[in-house]
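Peer 1: Here's a structure for you.
Computed from the coordinates by the stated procedures, all read-outs in this text should not be read as laboratory data. Being a predicted model, the structure only gives us computed values, none of them experimental.
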Amino acid sequence: MGAVTSLFLRKVVLAAGNRVDGPALLRSVGLDPDADIDPSTMISDTAYYGMLEQIAAGLGDATDFPLHVGASMICDDYGAFGLAWKTAPTLRDSFARAERYWRLLTSVSEHEVRWAGDDAWFFLHRAGTRRLGMRLSNEATLASVMSLIRQVSEAPITAVEVHFRHPAPPTLTAHERYFGCPAIFGSDRDALLLPGAVLSRPNRQGDTGITRFLLQHLDAELDKLGTDRSLGQTVRGAIAQALSAGVPKAAEVAARLGISERTLQRRLGEEGLSFQKLVDEARRELAEGLLAERDYALAEIAFLTGFSGQSAFTRAFRRWRNETPAAYRAAQKG
């Protein structure tokens, strides 16, 4: 189960206004309606998606609802992350902060910037079942990014295109008016395409000194996430599940987790890990477990751990344990 900041749930309720029983909705997910907004308070992603679906059902036509949610987001709502965004020297620097620190606000999505000629893609990668609540959340997220961009920019900004993976609503008018560009649904991505030149413009409140302090604070917050959100553990588990079909590639595991290969490699590097190291660890742990169970022949274990044959498996096991698989199995019996 993933988590999202309670900020998102409170802003969703505020955007719905008197069309819903906001206090009751907040209490249903364990939030005090009268408490101040605290971005560090986390709620399960399933509770968030469920709330979005409940509100959408009550509204009847929720076509423009996620756009209202996104438009309501302001930098200051996000605490230190929002301050780091708006005091970054340029929009390119703001995006770099989103790539690195967004996981302080949620464990289920990632941001990534990729250049395409003179333009830049801002990708939203989100893992999980693509239920209605996730679709609404994806629209609200990209709408909020557009809002945050406009808040820090000295000049008006419109996107070149906005893309969503899910099917289109009955009309695209609200989306194209909000983003100021064609809205493309049924795409292969959830992303904004922005004119690259705008990323180099100075932000309205860019301040190098304040930014340096905020980044130190955010780095400390990342350190506090600890092993509960270790990407390394998640990746190692995904590798182990795929080994019987051969050693998976980093791009395949990244796609399974709903992030790009580049983001996967960057985040593993931040944890002092490499994909190849995790492959090795996953193979070793699985091999040791299968050997201890005693019901598998060595040739079967070689296959299940992604090796081309028993001899290759034996060589690898010697490297890991300085003993043969047979010797390890015999020791487990004792």
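Peer 1: Of the residues S72, S244, S44, which exhibits the maximal mean-square fluctuation in a Gaussian network model of the chain defined by a 10 Å Cα contact cut-off?
Peer 2: Highest fluctuation among the options: S244.
Peer 1: Here's a follow-up. Output ³J(HN,Hα) for segment 13-25: one whole-Hz value per residue in order, computed from phi by the Karplus curve 6.51 cos²θ - 1.76 cosθ + 1.60 with θ = phi - 60°, and x for Gly and Pro.
Peer 2: With the stated coefficients, segment 13-25 comes to 5, 4, 5, 6, x, 7, 7, 9, 8, x, x, 5, 4 Hz.
Peer 1: How far is the Cα center of segment 21-38 from the Cα center of segment 250-286, in Å?
Peer 2: 37
Peer 1: When DSSP beta bridges are limited to those with both residues in the chain, what percentage is antiparallel, rounded to the nearest 5?
Peer 2: On the way: 22 of 24 bridges.
Antiparallel bridges make up about 90 percent of those DSSP assigns within the chain.
Peer 1: Excluding same-chain pairs closer than 8 in sequence, count the lysine pairs in the chain whose Cα atoms lie under 30 Å apart.
Peer 2: Close lysine pairs under the 30 Å cut-off: 7.
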